[in-house]
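Here the structure is laid out as structure tokens; the discussion comes afterwards.
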Amino acid sequence: MTSGKIGRWVGFVFALLVAASMLLYTAKDSMIRRAPVEIDGYTQWDPDLVEAFGSMAVQDGGRVKPLSTWAGFELLALNGKRSIKFKSDGKSVKIGPTEWVLDMMFRDEFANKMEVFQVEDANVLDMIGMSHEGKKRRDRYSYLEIGEHLHEVDRLRNELAEKRQKGQELDLVEDQFLGLYSNIQSYVSMSSHFNPVKNRMADEGSPLAPELQLFSGWVEKWPQLSQFLSSAAQQEGAEMDGLRRVTNMIATRIGESVYSDIAMMPPSDPEQKSWPKRQGWLSHYMQFKTGPDADQITYLKEMEKLALGYTYDGEKGLLKEVNAYKGRVAEKMKARGGEGDKIKSEIMMYKLDYFYRSLTPFVLGFLVVAFGWIAPATRWGRVCNRIAWVLLVYGFILVTLGIVHRSILMERPPVGNLYDTIPFITAVVILVLGFMEWLTKRRVCIGLAFFFATLGMFLAMWYEESKGVDPMNPLIAVLRSNFWLATHVITITIGYAGGLLTAGISHVYIFSRLFKIGDDDKSFSRFLTRVVYGGVCFTLFFSLVGTILGGVWANDSWGRFWGWDPKENGALIIVLWTLVILHARMAGYIRDWGIHICSILLAIMVTFSWWHVNFLSIGLHNYGFTGGSGLKAIWSFYTLEALVVFVGLYMALTQGKSKKAALPEKA
Amino acid sequence: MNSRKLLLGIPTLLAGILLVSCQDENPPIEITERRDLTSYDTEGNLKVAMPSEWRRVPSTRFRDYNCRFNEDGEVYISIASGGIKENAERWLKQFGSSDAVVVEELAGIESMGATGRLIEAQGTFQGMRGITIEDAALLGMMVESAGNLITVKMVAKADEVAAQRENFMAFCRSIEWRK
Amino acid sequence: MAKKNKNVATRVIDVLGGFHVAIVSMVLLLILTWLSTLEQTGPGGLYWTLKKYFSFDAWYVVPTLNGKDLPIILPGGYWVCVVFTLNLIFGGVIRMRKGIKQLPIFFSHVSMAMLMIGGAITYHQSREAYMVLPVGASGDFAFSLTELSVEVAEIDGYDKKRPYVIDSKQLEAVRGQVGATQEYLFPELPFDIRVSDYYINAKLYPMQGSAPEGAVAVDGYYAMAAEPTGHEEQNLSSCVVRVIERESGKQHEVMLYEGVGHDVTVTIDGKVYGFRMHGEVWNTPFQVRLDDSRGEKHPGTGMAMIYESDVTVLDSDGNAERSFKIEMNKPLRYKDLTFYQTSWEEKDGLVESGFTVKTNPSDQWPKYSIYACGIALFVHFIIKLFGFVSSSIARNKHD
């Protein structure tokens, strides 16, 4: 076998390994580590109800979104995954976010058993004296298990709040506890949302007036009724007993009403931006600490209609009420400038799940291209190539559709926050490498394109999961300028893409020289070098223009062109390094090996600028991508690239020596 | 060839650095530059002409215009709440007197376009923060103006207070609201 | 190229304009940028890190990482930029080969040199201060949030005379230096002063009994040095001023604190003099009246959505000259001042807007530079790309 053939087989095996590790990563979460919890008697929700309930509007994080989106991120934040698995009556059951919310709100006897609280480190539970026998260090817990220790939880939280107020720093476990506390708060907010209005105050046959058979009636007429009740409490007699029972019922409901933090109904005033949240309002109002609020009372009534619909008529009743509620709310939302008119579109976006789906053509495409490497000049090779092109275009369209759909939903240019940069960079890389492949037809660029595309989509999924926060968030004031957002941010992001793909090609160069692929074809390495040179120019152009446009934008907004802040500095570093590469090459200080080694360093600098600067002031304080494990990933990447640089340097030096010995020196 | 130039450059640079950092002495700087007054210089809601024998010191939360004289004599303006009666009685308590105060019987003084009342006491002063002054005197004024109670309080050794009496009166008369 | 008959000037231009210097200065700038990024997230904060790395006085830099000084000395950032700009001019513009092919690169070098020179002008000539106005009020001054001054003025009854100003540059010698003293002479006043014990961040307390260990006590008050926060605007400085009467030699001491909103006084020969420490005050050449101001947050969050203000510029008689609307990304440019809306507060129904007032002679240079450079580079790279594409296609046809 020629060295070229060995090289091709090495490449193929490498491709297989990459594909396998990616598949294993996705599979790891579905691999059940422990036996799942048993929740017998569970019945699945009616799919029509799930769809109708999930498409109700909720205001969260500054924008109006479908309940299913909101539920998805709540579940992600608690559970680390968008689905819950358990066993019921011997069968395994898997439910999604909307069903989980329905269970919490209406059937909490089931929800409380589900293990949704993901705890990274069991030491957190030791702090509240909760036992975790039989569980792993990093495991999931149910509300039932944690609920026994709520007193401890509250006590510890107050302690830590005091500590924070005094300016003391919390250690890692304490920080995680606060994360868990916040998750418990979210959980309770959802599960208690309907509690005050789940039942009537009295049955239809009771002597109480019809309005007073409902809790909302009592709330509306509370100023008069509370007087009546308190005087009744003084007296004796059987009817007074009944009224005392009512008083107790009301007290219980008030107690349960303070946790709800959900904004599900638009206010009546079209000018008012914030949707009402119940929180402590009902409690304060019933204690006369605050006055009546028409919106809050309407909100309570609407929630009552939904809740009673389920209690007395089951899923059918709830579905009917949900549809009626949506009808009523639709009018209000239209008057508010069409708030919520993108809900259907957003639900479709999540259903289509462009980025996740694009993984299939990308991984497949990578394997197909690798197969083609085995025998590129044959018919087999050409067929593989054609299939690969189809897969690439298909994947690219999916990614682009995802980017465009998000832009439309958010009504802004494609890149507005860190998450947005990931699919955008992926799309640019595919585009540029695709173009290079079309020009050069060496099957290298297309393979690299699939590799990067897969990596990019995984990165997007990983980032979204660990942040657990809806990445479609509204922009802060300074970014709310579409012109600059479109020009500066996009140019810089394209610059990042350029830096990464250039480094990718340099990796191919170094590996192909290491494994002696294409040694019989000198034009191959020369080709790679020319592509890298072009890539460096590309990166320079976009990074330079983007960096300075950023300065012009900053100068227009805040009066300072350059403030040496981390993000700006990161971009400047990329510009300077690409300039150094180009000038060093022009001066003859570096040639082929030099350019490729420098371009690997460029990847390190792009990573520093794209990711690392976001972590600088945070340190290692929280888990998840925005903290410890993100930094770890970055450092592993640096180490990997440093290794490649050393390999390159070693080869450059040894090759230089052998060349000097063997050939007369070229000019 | 290039390296020779580099070798020349480094020592020159270092010498320059050493020269610059060798100047530890700070020669006196002459100040003649003045700036025009702006609305920055007319801050605060009270206009006051302070006697030149006194000196103004930093205000605190309860002392809006805070002055000292001699070594540790204190006199300050506060914008307080409540009426003259309760506040005067509170001041007198610090001198160990629990007499009731009849506002109309107190001596009057023109201040802030209204009639201010003078409060005087002598004896041992027991103030806040555990401060005790023997042979002390209190000379104070309270006036109700624009819905606020403006108080001026001077506490020091009795002879010092007596010596500052004229200044105190002039001070009180000079207080105005800044529009 | 003939080596003889090269005089010193030509040789200097050769070296300064060479590739060597270009690459070394860019690499140095890269390292300085990287290290200052890491250091600014430490305790010093952005303000002091920038002073350390990029100020005109910083000839050299000893970087600090994780609280420890690194065993290397780097040249200061300002001076590396100077060398880099000279290199751009000598090498990239003067010495560069001129020809039609090199035209785009020539233009981009020229525009980058303009950018750097514009940056130097901004550094030396621009001035920035902050103006806070409640709705309905007008202001004629702005004050610096980070550059402090000490002012001395004679107070006559209700009125204050024009203050003498010791600006921040003149306070450099003592600022934050424990044990340093600086003397200031006032030839037009009957005294001179010495400033000492200047803490970057301190807290002022009234004395209760005796002052604690390590505190500086003056006239019933003492200042305790506090750890400077990473944000210079939030640090409140203090210093001790010793007033020395020239004729009699008598001395008085006062404590100045940035958090005190008024003068503290010393009486000399029957005249009252007020001393104050606060951000440098800048009289704006015209008055600005805030007519209305609106701010909105994203619903349900604390994030700012829009800030905007309606202002009127008044002439010296107080009459309206022109009205403007200032928004967060759209500042007001009038005469040579620029007003940016930087903050907005609503307290108890009263709205207060904060503006950053800036003068910058080279304000628009970066914009023009990048447009010129961007177009030039674009042209250059398109030509190269075109060449690459056509040769690739030719090669493919050939294969």
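Here, each number is a calculation from the coordinates, and none is a lab measurement. All figures in this text were calculated on a predicted structure; none of them were measured in a lab. Here the Cβ positions follow ideal geometry from the backbone for every residue, glycine too, while neighbour counts run over all protein chains shown.
Short-range pairs are left out: with C-alpha atoms under 8 Å and at least six residues apart, the relative contact order of the stretch C:323-387 is 20 percent. For chain C, the residue among C:GLY349, C:GLY230, C:MET112 whose Cα projects farthest onto the positive side of the dipole built from Cβ charges is C:MET112. Taking 0.692 mPa s as the viscosity and 37 °C as the temperature, the Stokes-Einstein diffusion coefficient of the stretch C:144-281 based on its alpha-carbon Kirkwood radius rounds to 214 µm²/s.
When chain C is modelled as a GNM with alpha-carbon springs shorter than 10 Å, which of C:SER353, C:SER210, C:SER111 fluctuates the most? In the Gaussian network model the winner is C:SER210. Where both bridge residues fall in chain A, DSSP classifies roughly 95% of the beta bridges as antiparallel. Annotation: the stretch B:61-100 has a Kirkwood hydrodynamic radius of 11.7 angstrom, from the mean reciprocal C-alpha pair distance. Counting only alpha carbon atoms, the long axis of helix B:84-93 and the longest principal axis of chain B meet at about 80°.
What translational diffusion coefficient, in µm²/s and rounded to a whole number, does the Stokes-Einstein relation yield for chain C at 4 °C and a viscosity of 1.567 mPa s, taking the hydrodynamic radius as the Kirkwood radius over Cα pairs? Each step should come with its number before you reach the end.
On the way: Rh = 25.8 Å.
Roughly 50 µm²/s, to the nearest whole number.
Listed by number, the DSSP H helices of chain A that run 20 Å or longer by alpha-carbon position along their axis and have mean Kyte hydropathy of at least 1.0 are A:354-374, A:379-410, A:418-440, A:444-467, A:490-514, A:592-607.
I'd like to know how the stretch B:45-179 sits against the 2.2 N^0.38 Å rule of thumb: what's its Cα Rg over that expected value? Write down the numbers at each step before the final one.
Details: Rg = 13.8 Å, N = 135, 2.2 N^0.38 = 14.2 Å.
That ratio works out to 0.98.
Please name whichever of B:GLN126, B:MET169, B:SER78 sits farthest to the positive end of the charge dipole of the stretch B:46-177, dipole taken about the Cα centre and charges placed at Cβ: Lys and Arg +1, Asp and Glu -1. Value: B:SER78. Determine the sum of side-chain charges near B:VAL75: Lys and Arg each +1, Asp and Glu each -1, restricted to other residues whose C-beta is under 10 angstrom from that of B:VAL75. After counting each charged neighbour, the total is +2. The Cβ shell under 12 Å around C:ASP57 holds other residues with a net charge of +2, Lys and Arg each +1, Asp and Glu each -1.
The relative contact order of chain A comes to 13 percent, based on Cα pairs under 8 Å that sit 6 or more residues apart.
The residue among C:MET255, C:TRP59, A:ILE430 whose Cα reaches farthest toward the positive pole of the charge dipole of the protein assembly as shown, with charges on the beta-carbon of Lys, Arg, Asp and Glu, is A:ILE430. Panel values: chain A, Kirkwood radius from alpha carbon pairs, Stokes-Einstein at 20 °C and 1.002 mPa s, translational diffusion coefficient 74 µm²/s.
Taking DSSP loops as anything outside H, G, I, E and B, show the longest stretch in chain A free of GluC sites (Glu not before Pro) there with at most 15 other beta carbons within 10 Å.
Longest stretch, sites excluded: A:412-664.
Between C:VAL272 and C:ILE155, the built amide H atoms are under 5 Å apart, and every one of these is 5 or more places off in sequence or on another chain.
In terms of Cα atoms, the Rg and Dmax of the stretch A:192-331 work out to 15.8, 51 Å. Put a plus charge on the Cβ of each Lys and Arg, a minus charge on the Cβ of each Asp and Glu, and nothing anywhere else: the dipole of the protein assembly as shown about its Cα centre is then about 8560 debye.
Comparing C:GLU128, C:GLU213, C:GLU327 in a Gaussian network model of chain C (Cα springs below 10 Å), the most mobile by mean-square fluctuation is C:GLU213.
Once you mark the trypsin sites (Lys or Arg not before Pro) that are in a DSSP loop and have at most 12 other Cβ atoms within 10 Å, what is the longest gap between them in chain A? List each step's numbers first, then the result.
Working: sites that count: A:ARG33, A:ARG34, A:LYS136, A:ARG137, A:LYS166, A:LYS289, A:LYS666.
Within chain A, the longest run free of exposed trypsin sites (Lys or Arg not before Pro) spans A:290-665.
Arranged from fewest to most other beta-carbon atoms within 10 Å of their beta carbon, A:PHE86, C:PHE378 become C:PHE378, A:PHE86.
Mean separation of Cα pairs under 8 Å and 6+ residues apart, divided by the residue count of the stretch C:144-281: what relative contact order is that in percent? Could you put the intermediate results ahead of the total?
On the way: 292 pairs, mean separation 36.9, N = 138.
It rounds to 27 percent for the stretch C:144-281.
Which of rounded, prolate, oblate describes the stretch A:250-339, given a ≥ b ≥ c as roots of the alpha-carbon gyration tensor eigenvalues and a/c under 1.5 marking rounded, otherwise prolate only if a/b is larger than b/c?
Values: a/c = 2.55, a/b = 1.09, b/c = 2.34.
Because a/c hits 1.5 or more and a/b fails to exceed b/c, the stretch A:250-339 counts as oblate.
Extending 7 Å from the Cα toward the beta-carbon at both A:GLN234 and B:GLU176 defines two label points whose distance is 6.1 nm. With R₀ fixed at 56 Å, the C-beta to C-beta distance from C:GLU227 to A:TYR350 puts the FRET efficiency at about 0.75. Legend: calculated FRET efficiency, C:LYS347 to B:GLU110, from the Cβ-Cβ distance at R0 = 35 Å, rounded to 0.05, equals 0.50.
In summary, the protein assembly as shown shows an alpha-carbon radius of gyration equal to 1.13 times the 2.2 N^0.38 Å reference for compact globular proteins.
Kindly provide the helix-only [θ] at 222 nm of chain A, computed as the sum of -39,500 (n - 2.57) over DSSP H runs of four or more divided by all residues, to the nearest 500 deg cm²/dmol? Before the final figure, lay out each step's value.
Working: 24 runs with 439 residues, N = 667.
The helix-only estimate for chain A comes to -22500 deg cm²/dmol at 222 nm.
Using a cut-off of 14 Å between beta-carbons, work out the net charge of the residues near A:ALA427 (Lys and Arg +1, Asp and Glu -1, A:ALA427 not included). Mind dumping the intermediate values first?
Values: positive: A:ARG406; negative: A:ASP420.
Surrounding charge for A:ALA427 is 0.
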